[in-house]
Amino acid sequence: MDSSAVIGTTISQRSGIVTLAADDNFSAAFQSNAWRTLATAAVATIMYPILKPVSQTIAINVPVADADGDIIRCRWATASNGVDECGGVCPPSSLPAGTSIYPNCTILITGQIVDDWLAVALTVEDFINSSSTDPLSSVPVQFLVQVVSQASCTSSPTIIGKSPQQSCTLILFGQTFVSQLILINNCGSNVTIIDMTTLAFPGMVRESSTQLNTTTYYSDLS
């Protein structure tokens, strides 16, 4: 046991053995009072299915976050040592040849057959620092990718708006957040953007998509 009068803490540790049967649920928790909260696991949010043009390599960036500010890394889900994270669709063997994942949670994938459905299973882990190899928590993430025919125009829309992509906007409690999602059509007047979708927190309202001119579409968020 160690203590510090300066910062008002007492530090100690203990160990114990708990015997569990198959399919048991086990929880570790602080009991009573005067405790700080346990470390928060990393979270990942992704919309699916993701439509991927055939024979075209795309980069899928899985959005991840950790409330504690821990280091986050991604890896393929595995089935080993009695722990099955992927339920029969363990990558990379379950995915097209050449599919790869990077620690920053970016996946490169190329589908070769139209109408194929690909199940992607990865695990998001948080670490106490950049050199640590022992995760504080491991969170399984699964999503679907559908391989579709090549479009007549392969230029994706440009996403702009009041808030930059992947930005974090601070709002006060009770304050109404107002923003706007703007898409620039890079395929000319022969192609029309018919809708936009968002992955938003509860209470967020997205208005219907509106065409401003031949290239610009927008949707209000509040």
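None of the figures in this text is laboratory data; all of them are computed from the coordinates on show. A quick note: this is a predicted structure, and the numbers were derived from the prediction, not measured. Please note: Cβ atoms are built from the backbone with ideal geometry, for glycine as well, and neighbour counts cover all protein chains shown.
Dipole magnitude for region 43-148: computed about the Cα centre from +1 point charges on Lys and Arg Cβ and -1 point charges on Asp and Glu Cβ, it is near 360 debye. Other residues with beta-carbon under 13 Å from the beta-carbon of residue 52 carry, at +1 per Lys or Arg and -1 per Asp or Glu, a net charge of -2. Each Lys or Arg adds one and each Asp or Glu subtracts one; over the other residues with Cβ under 14 Å from the Cβ of residue 104, this totals -1. Simple spin-label estimate for residue 142 and residue 190 gives 4.1 nm between the two label positions (7 Å along the Cα-to-Cβ direction from each Cα).
Grab the Cα-Cα distance for residue 172 and residue 40, subtract it from 0.36 nm times how many residues apart they are, and report the gain in nm with one decimal.
Numbers: separation 132, 0.36 × 132 = 47.52 nm, distance 2.23 nm.
Full extension from residue 172 to residue 40 adds 45.3 nm.
Once the piece of chain linking residue 51 and residue 102 is laid out straight, how much longer is it, given 0.36 nm per residue of separation minus the C-alpha distance between them? Show your work: numbers first, answer last.
Numbers: separation 51, 0.36 × 51 = 18.36 nm, distance 2.06 nm.
Between residue 51 and residue 102, full extension yields an extra 16.3 nm.
Can you tell me which of 150-161, 46-57, 102-113, 118-129 comes out highest on packing, and rank the rest after it, using the mean Cβ neighbours within 10 Å? Numbers along the way, then the final one.
On the way: 150-161: 12.2, 46-57: 14.0, 102-113: 15.7, 118-129: 19.6.
In descending order of packing, they fall as 118-129, 102-113, 46-57, 150-161.
Residue by residue, region 151-156 carries 3J(HN,Hα) couplings of 7, 5, 10, 9, 7, 6 Hz when phi is fed to the Karplus relation 6.51 cos²θ - 1.76 cosθ + 1.60 (θ = phi - 60°); x denotes Gly or Pro.
With a cut-off of 17 Å, note down the residues of region 175-196 whose backbone N falls inside the zone around a label point 7 Å from the Cα of residue 151 toward its beta carbon. Residues 182-196 qualify, since their backbone N sits under 17 Å from the label point. When both region 171-190 and region 45-98 are represented by their alpha-carbon centers, they are found 28 Å apart. Counting charges near residue 121 (Lys, Arg +1; Asp, Glu -1) among other residues having Cβ under 13 Å from its Cβ returns a value of -1. For the peptides 64-71, 191-198, the ranking by mean Cβ contacts within 10 Å, running from highest to lowest, is 64-71, 191-198.
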